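Visitor: Here you go, one structure.
Throughout, read-outs are computed from the coordinates displayed, never taken from laboratory work. Because the structure is predicted, anything quoted here is derived from the model rather than measured. Neighbour counts are summed over all protein chains in view; Cβ atoms, including those assigned to glycine, are modelled from backbone coordinates with ideal geometry.
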Amino acid sequence: DAKTTQPPSMDCAEGRAANLPCNHSTISGNEYVYWYRQIHSQGPQYIIHGLKNNETNEMASLIITEDRKSSTLILPHATLRDTAVYYCIVRGGYQKVTFGIGTKLQVIP
Amino acid sequence: GAGVSQSPSNKVTEKGKDVELRCDPISGHTALYWYRQRLGQGLEFLIYFQGNSAPDKSGLPSDRFSAERTGESVSTLTIQRTQQEDSAVYLCASSPQGPIMNTEAFFGQGTRLTVV
């Protein structure tokens, strides 16, 4: 599996955009970038994934650099309910899904 | 059911007893994962089933841990001779994983195991 590195924690003011970075410099051509989050005491929740194009859904946007060595998850208007641990994962096809320690995002009122 | 179902939701057991945790994946999902999450820690991969292939057991912490899956349906994780350090939330996930598919994994709500 390609490894990912994320900052251990970040703060964001409520209503502002939260930009969560992820480095995955050893990603290979068939591997996708996934983001999940885990709100306290709950199972992880899928947010978004992409291969090389930027993606957007109702929850977030995913920006992947042209060389695919890093990506940024954007929560456009963070709310208190977005406080969670955010995991960036890369995998392809049959690979198992492994989680690092993620980024603990604290949204501040 | 619509989602991944795990049972029991909570389990308290005495040290040295065996426990069995159950996971019902989403129908049709060929991939199934087990993870362990200790209090305040990240998700620790335990085992991965993919269709009829041999499971990836590389994350099982000791030979007291084992898991089985019947075809593409229910899975059980068994912990023998439980120890206090086994106390954690055990999470199961499934995904419709295949050679050309790259999809999300869906998680259950976990089983909280407490060894006293």
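Visitor: Relative contact order, percent, of chain B when contacts are C-alpha pairs under 8 Å separated by at least 6 residues?
Guide: Normalised by residue count, the contact order of chain B is 37 percent.
Visitor: Which loop-located trypsin sites (Lys or Arg not before Pro) does region A:2-104 contain, where loop means any DSSP state but H, G, I, E or B and the Cβ has at most 15 other Cβ atoms within 10 Å?
Guide: Answer in residue order: A:Lys3, A:Arg16, A:Lys52, A:Lys69.
Visitor: Based on the Cβ-Cβ distance of A:Ser9 and B:Val116, what FRET efficiency does E = 1/(1 + (r/R0)^6) give at R0 = 45 Å, to the nearest 0.05?
Guide: About 0.85, to the nearest 0.05.
Visitor: Pairs of Cα atoms under 8 Å, at least six residues apart: use those to get the relative contact order of region A:40-109, whole percent.
Guide: 21
Visitor: What is the Å³ per residue value for the convex hull set by the Cα atoms of chain B?
Guide: Taking only Cα atoms, chain B has a hull volume of 99 Å³ per residue.
Visitor: Also, quick follow-up: Based on alpha-carbon centroids, what's the gap between region A:1-79 and region B:45-116 in Å, whole number please?
Guide: 25
Visitor: Calculated FRET efficiency, A:Gln45 and B:Arg22, Cβ-Cβ r, R0 22 Å, to nearest 0.05?
Guide: 0.50
Visitor: Please list, or write none, the lysines whose alpha carbon is within less than 25 Å of the alpha carbon of A:Lys69, excluding same-chain residues fewer than 8 places away.
Guide: Once the sequence-local lysines are set aside, what remains near A:Lys69 is A:Lys3, A:Lys52, A:Lys96, A:Lys104.
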